[in-house]
Every structure is written in C-alpha cells, then in structure tokens.
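Trainee: Encoded as structure tokens, here's the structure I'll be asking about.
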Amino acid sequence: NVGILNSTGEYILFLDSDDYWDDNNFLYDLVQYIKKYPNIDYIFFRYKFYYQKKDKFIEPVFNIDDKEIKGKSGIECLDYILSKMRDFQWYAWAGIVRREFIINNDLFFMKDRNYEDALWTPQVFIKGRLIGFYNKPVYVYRLEREGQITSDNSYKCLEDSIFISTNWFDYLENHSIKESLKKDLLANISQRYYHAIKYAGFLNNKEKRVIIEKIKENKNLL
C-alpha cells in the first residue's frame with residue numbers, strides 16, 4: 001500500500017523480492033499494449049514456478065484464449081476465465097494495473113491478512129472496465145524457500161484462509177453479480193476454507209479447537 005501511494009508511474013507492477021521476470025522484452029510489449037488500448041485498467045499474464053531445491057521449472061496450463069479476453073470488461077473476463085480455469089490463482093504480481101484505477105476504486109490491500117491477493121485480485125476484475133491478457137509466461141515464482149507464506153500452515157494462516165472465504169461469501173451475497181459467476185467465484189475462493197480443514201490437525205490442541213469452531217461456524221461454505 002505504501003508503494004502504491006508513493007508510486008509516480010501511470011501503471012504499477014508487483015515483484016516479490018525472491019522472484020524475477022524472465023523475458024527481456026515484456027515490459028516493452030506491455031507499453032505497446034497500453035498504447036494500443038490507452039484506457040485499459042489491468043493486463044494479466046502467465047507465469048511459471050521455480051522449485052529451487054529440484055532446480056526445476058513448471059509452467060501451469062492456461063486454458064485461456066487471448067482473443068476471448070480482448071475488448072471485454074473485467075466482469076466478462078472473470079466469467080470467461082472461471083468457466084475455463086476453475087482453480088484460477090489470484091496472484092497480485094501476475095499483472096500490470098493502472099494506478100489511477102487503484103486509487104479511484106480504493107483497491108488497497110487489506111492489512112494484517114495473509115493471502116491478501118485473493119481479496120484484492122478478484123476485485124480488480126470485478127471493477128475493471130477494460131482488461132487484457134499478455135499470453136506469455138514472464139513471471140518466475142520461486143518455491144521451496146524457507147519461511148515462505150505459501151508453505152506456512154500456522155494458526156494465523158488457517159484463520160486467514162477461513163476469513164478470505166467468508167469475506168467473499170458475504171461480499172457476493174450483497175452485490176448484484178449473476179448467480180452462475182457468484183457460484184464459480186465462490187467455488188474457487190472457498191478452496192482456502194478447505195485448506196483450513198486439511199491442515200487444522202497440525203496445530204496444537206488449543207489452536208486446533210479454535211480453528212475447528214471457526215470451520216463449524218462457517219459450514220455454509222461447504
């Protein structure tokens with residue numbers, strides 16, 4: 001959030017400190033894309049995972065046709081994407097976003113929550129007037145790093161997993177989005193709720209009891 005507020009560029013990219021971009025031309029290509037569509041709010045792109053212990057790259061399959069994205073609003077794109085990729089991931093670093101769009105829509109990251117990307121990125125799609133897709137795997141996401149939040153199954157992470165699912169459930173209950181898209185989006189986001197169920201048994205007894213109660217309280221997500 002501090003970075004967004006202090007930025008001076010027209011568009012913003014995120015890059016985690018242990019990751020990198022693997023294409024020498026993609027920034028130039030994105031600028032050309034923006035020049036072609038000067039009112040575009042957000043362009044997302046493909047990525048690959050680097051497993052550093054195995055020294056191995058794996059590129060997730062993107063079953064998305066960039067021609068189907070072109071000229072569409074964010075909500076239209078979201079409907080199309082979730083019909084093709086039910087487990088679409090919400091990484092904030094997997095796109096470039098117009099700064100003014102963030103400010104005008106108050107799209108800041110929720111403080112003190114892990115997995116905040118899953119709260120932020122769907123909102124970018126929902127509120128975006130024009131969305132693009134750059135169909136190349138340009139971002140390298142490093143895995144198997146000690147202390148990485150994605151490998152952390154602490155009480156805090158499991159509590160935040162439940163929070164993210166319930167937060168989206170409440171949001172979708174109170175906004176006029178077509179029912180089929182609500183269902184697809186909630187099916188995707190509620191994976192975080194199942195994550196809490198899966199890993200609750202690894203907590204100490206006191207934390208486990210609290211998480212199980214939170215799971216029970218929100219069983220409507222099932």
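Trainee: State which residue is surrounded by the most Cβ atoms within 10 Å (Cβ to Cβ) when the search covers only segment 76-89 and only residues that are touching a residue at least 60 places away in the same chain (Cβ under 8 Å) and part of a loop (DSSP other than H, G, I, E, B).
Mentor: The extreme case among them is Phe88.
Trainee: Just checking, how many residues over segment 176-188 are open to solvent by 30 Å² or more (accessible area, probe 1.4 Å), touching a residue at least 12 places away in the same chain (Cβ under 8 Å) and part of a loop (DSSP other than H, G, I, E, B)?
Mentor: Matching residues across segment 176-188 total 1.
Trainee: Which numbered condition trips up Leu30, out of (1) open to solvent by 60 Å² or more (accessible area, probe 1.4 Å); (2) assigned to a helix (DSSP H, G or I)?
Mentor: Condition (1) is where Leu30 drops out.
Trainee: Across segment 1-25, which residue is surrounded by the most Cβ atoms within 10 Å (Cβ to Cβ) among those that are more than 25 Å from Lys127 (Cβ to Cβ) and among the aromatic types (Phe, Trp, Tyr)?
Mentor: Of segment 1-25, the ones more than 25 Å from Lys127 (Cβ to Cβ) are 17-25.
This time we only want the ones that are among the aromatic types (Phe, Trp, Tyr), so: 20-21.
On the way: Tyr20: 13, Trp21: 15.
My answer is Trp21.
Trainee: Quick check on segment 57-75: of everything there that is in a helix (DSSP H, G or I) and free of Cβ contacts under 8 Å to residues at least 40 places away in the same chain, which residue is surrounded by the most Cβ atoms within 10 Å (Cβ to Cβ)?
Mentor: Step by step, filter segment 57-75, then rank; the result is Glu68.
Trainee: What do you reckon, is Phe133 within 20 Å of Phe169 (Cα to Cα) and in contact with a helix residue (DSSP H, G or I) (Cβ under 7 Å, 6 or more places away or on another chain)?
Mentor: Criteria not met by Phe133.
Trainee: I've got another one for you. Mind checking whether some residue in segment 90-106 is closer than 25 Å to Phe169 by Cα, basic (Lys, Arg) and either surrounded by fewer than 17 Cβ atoms within 10 Å (Cβ to Cβ) or touching a helix residue (DSSP H, G or I) at 6+ places or on another chain (Cβ under 7 Å) (or both)?
Mentor: Looking for residues that are closer than 25 Å to Phe169 by Cα, basic (Lys, Arg) and either surrounded by fewer than 17 Cβ atoms within 10 Å (Cβ to Cβ) or touching a helix residue (DSSP H, G or I) at 6+ places or on another chain (Cβ under 7 Å) (or both), one finds none in segment 90-106, hence no.
The values are calculated or read from the model by the stated rules, or taken from the named source; none is laboratory data. Predicted model only: the values in this text are computed from it and were never measured. Note: ideal-geometry Cβ built from the backbone for every residue, glycine included; neighbour counts use all protein chains shown. Accessible surface is based on the protein model in full, side chains and every heavy atom, while ligands, DNA and RNA are left aside. Shrake-Rupley method; radii C 1.70, N 1.55, O 1.52, S 1.80 Å.
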